[in-house]
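The values are calculated or read from the model by the stated rules, or taken from the named source; none is laboratory data. The model shown is predicted, which means the values in this text are computed figures rather than measured ones. Neighbour counts run over all protein chains shown; Cβ positions are idealised from the backbone, glycine included.
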Amino acid sequence: MSISQSCSGYGVSGVVTATMTFVTPSFYADASENAEVKLVCTNAASISPPLFYVTGRKTSGGVTEWTCCDVCSKTDRLIEFTDSDFDENDKITISALLTKIHDQSGIGINASGLSALISKTFDKDKCVDGLTIRAVFETLAEAMCGYWVAVDNKIIFANFGQSVTVSAAVPTAYKAIDFNGVRSFARVLCTDNDAVYSANSNGSGKTLIVSTDYASQELADSILSMMVGDENNYTYRSWSCGKGKAYEWLYVGLFRFGTKFLVANSVSMSVSSAGLFFSSSANTVDEDEVGYTSEVNRQLKKKLEFDKINGNVAITGKGLYLFENGYKNKTPEEQKKSKYSFEVNKGVTKYSGALVSEKIPGIALKSDLSGFTANFGETSIEYEVSIDGDNVTLKEKEKDGE
């Protein structure tokens, strides 16, 4: 029997699902769909494994291979909404959305690490077309720079730079720990592809780039505060421990090896008659400094491209924008009021500002009011007008042969 739980990368996004696999005689294979699986350690009552749920099974040669996942697997279910869930602006607060998720799924949620987002909103148009719990969690994790993980059958949000567990796991027997590099972070760049917000500590380190529709100075400051705490920077350390013996159930989070505290974002365990064994690690650091710096610069260039305006026009990650004169000298909040976008819906283009033409056409109206000609200097366009009661239809006159 083996159990694994791991984050991707440095642990700055996503939902971490613990997976358990084991083999039984095939006569157990008729267990109900998504059946609850509970591990019991009869000779170690202090070890309290989480609940798992059957997510897959394969029977062959008289044995069944089982795949089970923890409560995070239940985040793939859809959220049901009614019109009354939204305010007059067709929005629902993240706080209300998390409450709805709990009420519908029964999943316990600890979102204390989302304080900078809890009063923000989800638009109705994002909620009505098959929105899953996982999609909500992933959006919030990416915005707040952290990940969700199940601990004691509750789903908890862990901010980058912090441990999901309050007390450290303390293995007493383990192989030597291998250290594989460090990377310090001291700056957060938060962008919504339009505006960019920067938060800096007093230390030296790399830039953590966060791309989210919820970007704001408040969010950048909050992510930095969660990341560095009372220090000048946060140092991510890559390490691995190939094998050890555990006397408690282990989760990704804080480990103490002797006097050394380390944060693990990957844990694997195996259960046997000899006890509970584990291997743990923190994912490797990108040691290509040139590559890392170049990637950051490329990201910065993309996010800041709107600030290098060609005239008063720029193409951003959200489309074409027009900007007021002096835009780049304005504050981020002033900039939000100084850019204008286009929206196309069912063949109609709407512009969020106002368009005024300095070239006014000359109009030649037909005597029978059946149409008119608009003259733009050397260019003329002829229009036909048809009137049916209160309805007036205007269309460009077709040319001969068209």
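Of the residues examined, residue 341 is not one that is more than 25 Å from residue 209 (Cβ to Cβ), polar (S, T, N, Q) and modelled with pLDDT of 65 or more. Close contacts from the stretch 223-250, counting a first residue that is of a type outside the set (A, V, I, L, M) and a second that is in a helix (DSSP H, G or I), with Cβ to Cβ under 6 Å and a gap of 6+ residues or different chains, come to 234/227; 234/228. If you check 32, 26, 60, 4 for being in contact (Cβ under 8 Å) with a residue 40 or more places away in the chain and not assigned by TED's automatic domain parsing to the domain that holds residue 109, only one passes: 4.
If the condition is being closer than 30 Å to residue 52 by Cβ and among the hydroxyl-bearing types (Ser, Thr, Tyr), then the stretch 89-129 contributes 95, 99, 105, 112. Of the strands (runs of 3 or more DSSP E) lying entirely inside the stretch 334-402, those carrying at least 3 residues that are more than 30 Å from residue 314 (Cβ to Cβ) are 362-365, 371-376, 379-388, 391-396.
Rundown of residues vs (1) surrounded by fewer than 16 Cβ atoms within 10 Å (Cβ to Cβ); (2) farther than 26 Å from residue 282 by Cα, yes/no style:
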residue: 172; (1), (2): yes, no
residue: 205; (1), (2): no, no
residue: 208; (1), (2): no, no
residue: 218; (1), (2): yes, yes
residue: 227; (1), (2): no, no
residue: 230; (1), (2): yes, no
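Here is a yes/no grid of residues against (1) touching an Asp or Glu at 6+ places or on another chain (Cβ under 9 Å); (2) among the β-branched types (Val, Ile, Thr); (3) buried (at least 16 other Cβ atoms within 10 Å of the Cβ); (4) not in a loop (DSSP other than H, G, I, E, B):
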residue: 9; (1), (2), (3), (4): no, no, no, no
residue: 23; (1), (2), (3), (4): yes, yes, no, yes
residue: 27; (1), (2), (3), (4): no, no, no, yes
residue: 33; (1), (2), (3), (4): no, no, no, no
residue: 39; (1), (2), (3), (4): no, no, yes, no
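Restricting 87, 103 to residues that are assigned to a loop (DSSP other than H, G, I, E, B) and modelled with pLDDT of 90 or more narrows the list to 87.
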